[in-house]
């Protein structure tokens with residue numbers, strides 16, 4: 001990894017608030033700041049609950065930490081906090097110390113409606129009254145949940161960096177990659193890029209343009225120094241500079257993370273290779289065995305994932321991940337779904353729900369995003385997730401799911417068939433039937449005997465359960481009748497009843 005400027009100051013944030021009541025909010029702030037691509041470069045966060053035990057009293061310790069901090073972040077809820085008779089609570093004590101020490105003070109009140117302030121404990125009411133007094137000079141914001149709190153904190157910290165003249169230093173991908181030289185750039189990859197970009201995006205540079213000029217035109221060469229983006233995109237061996245520049249791909253035989261793996265690969269190389277190899281891994285893994293039907297009709301399991309959705313999920317992970325974090329992108333193929341994980345969070349301007357409707361793009365690594373767009377690997381203006389959804393719909397496949405975990409990890413989940421847990425939960429199936437569907441997903445089929453062995457029921461109950469699954473268009477019968485009858489996931493749309501679905505035998 002490129003060398004870091006050892007003289008760069010990291011500003012210390014002290015997070016204050018009643019620990020028991022505001023545990024989630026306190027933890028969310030720390031996790032977000034330390035895992036955000038930009039903020040983690042300039043801030044450290046102190047939580048008292050994470051501090052090692054000391055011989056000093058708790059009161060002395062936390063006040064010393066306030067003194068050593070640059071920013072005091074106070075969260076006010078409904079509780080004042082425990083305090084000895086005649087003494088103020090730790091939260092107020094920390095606030096008073098921040099005032100006394102002339103710290104930058106950021107205040108956030110939980111609860112959007114000021115009319116509810118009277119329901120808070122008296123000590124908190126008094127603090128809020130003081131803070132709201134315009135003569136006090138304090139600036140405060142109200143928030144409803146942890147997601148909104150993060151947005152407010154992010155904006156406040158960006159303003160802090162602007163005041164310090166730091167924010168202009170840019171994102172990870174535009175910073176200089178120490179020790180990287182032009183000899184580390186793969187000229188053949190640059191020529192390939194120019195050919196594709198000209199054909200697909202009408203990129204103006206000719207294919208024989210000198211490499212240095214290409215990098216300057218893409219704004220990923222600063223003077224004579226290569227940026228992180230230049231090395232990640234066109235480097236001969238980016239892994240030499242960035243140990244985290246890799247994609248791990250795993251295939252499992254079932255629906256859970258269990259060893260042994262069916263396949264496990266770690267791909268390094270440049271970012272184009274990350275995407276190409278990871279997409280190829282998934283496409284190869286989701287090839288289903290051909291099912292033989294009576295009359296020699298052959299077909300695959302019905303619901304598949306559009307190739308665009310797979311590529312877009314992986315491109316997004318590579319583009320928006322937090323490269324300051326040592327964890328790479330992880331792609332996991334299960335019997336019933338594909339999951340793509342990357343470190344990092346959504347920008348404060350977006351929520352998970354926003355990804356399902358038109359939205360502006362806020363790439364964490366804008367220079368990487370621009371080059372991937374020019375090479376036809378990525379969409380522009382936030383349209384990629386919408387196109388994923390539309391293509392899945394047009395193919396009668398389940399829509400992708402987007403998840404943000406603790407504001408530090410983003411996941412895209414692509415179901416391989418419509419029979420997701422959420423869908424099955426609405427059908428009123430018994431536990432035996434759900435277990436059998438999971439078995440079919442992992443093995444491609446099930447027989448009457450396998451059903452009885454799996455669920456420990458008699459043959460009559462097995463047939464009744466299988467008939468019900470056929471009636472609901474979840475399973476359909478293939479092969480001959482009798483012992484050789486096999487049941488696979490249906491080719492029909494289970495939301496539309498099929499009166500001609502065959503009964504189990």
Discussion item. Out of everything in the stretch 132-152 that is part of a helix (DSSP H, G or I) and more than 31 Å from the chain's Cα centre (by Cα), what residue ends up being nearest to residue 28 (Cα to Cα)?
Written reply: 132
Practice prompt. Among the residues of the stretch 322-336, write down those that are in contact with a strand residue (DSSP E or B) (Cβ under 6 Å, 6 or more places away or on another chain) and more than 16 Å from residue 269 (Cβ to Cβ).
Written response: 322, 325, 327, 330, 332, 333
Fill in: Residue check, residue 376 free of Cβ contacts under 8 Å to residues at least 12 places away in the same chain, over 11 Å from the mean Cα position of the chain (by Cα) and not in a strand (DSSP E or B)
no
Worksheet item: Can you name every residue in the stretch 323-363 that is assigned to a loop (DSSP other than H, G, I, E, B) and within 10 Å of the chain's Cα centre (by Cα)?
Response: 344, 345, 346, 352
Discussion item. Looking at 355, 350, can you tell me which residue is under 26 Å from residue 147 (Cβ atoms), surrounded by fewer than 20 Cβ atoms within 10 Å (Cβ to Cβ) and assigned by TED's automatic domain parsing to the domain that holds residue 316?
Written reply: 350
Discussion item. Being in a loop (DSSP other than H, G, I, E, B) and either buried (at least 17 other Cβ atoms within 10 Å of the Cβ) or in the same structural domain as residue 146 (by TED's automatic domain parsing) (or both): is that true of residue 61 here?
Written reply: no
Worksheet item: Within the stretch 170-181, can one find any residue that is over 25 Å from the mean Cα position of the chain (by Cα), outside any loop (DSSP other than H, G, I, E, B) and in contact (Cβ under 8 Å) with a residue 24 or more places away in the chain?
Response: yes
Item to complete: Give me a count of the residues in the stretch 397-427 that are surrounded by 14 or more Cβ atoms within 10 Å (Cβ to Cβ) and part of a loop (DSSP other than H, G, I, E, B).
Response: 12
Worksheet item: within 22 Å of residue 171 (Cβ to Cβ), outside the structural domain of residue 328 (by TED's automatic domain parsing), in contact with a helix residue (DSSP H, G or I) (Cβ under 9 Å, 6 or more places away or on another chain) and surrounded by fewer than 20 Cβ atoms within 10 Å (Cβ to Cβ), is that true of residue 36?
Response: no
Worksheet item: When you scan the stretch 245-314 for strands (runs of 3 or more DSSP E) that lie fully inside it, which ones turn up with 1 or more residues that are surrounded by fewer than 19 Cβ atoms within 10 Å (Cβ to Cβ) and modelled with pLDDT of 90 or more?
Response: 247-251, 263-267
Fill in: Filtered residue count, the stretch 64-87, keeping only those that are part of a helix (DSSP H, G or I) and touching a helix residue (DSSP H, G or I) at 6+ places or on another chain (Cβ under 8 Å)
3
Item to complete: Considering only the stretch 229-255, state which residues are more than 19 Å from the chain's Cα centre (by Cα) and under 18 Å from residue 334 (Cβ atoms).
Response: 251, 252, 253, 254, 255
Worksheet item: When the residues of the stretch 115-131 are filtered to those that are more than 15 Å from residue 75 (Cα to Cα) and without any contact (Cβ under 8 Å) to a residue 40 or more places away in the chain, which remaining residue is farthest from the chain's Cα centre (by Cα)?
Response: 118
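The values are calculated or read from the model by the stated rules, or taken from the named source; none is laboratory data. Predicted, not measured: the structure shown is a model, and the values here were computed from it. Positions of Cβ are backbone-derived with ideal geometry, glycine not excepted, and every protein chain shown enters the neighbour counts.
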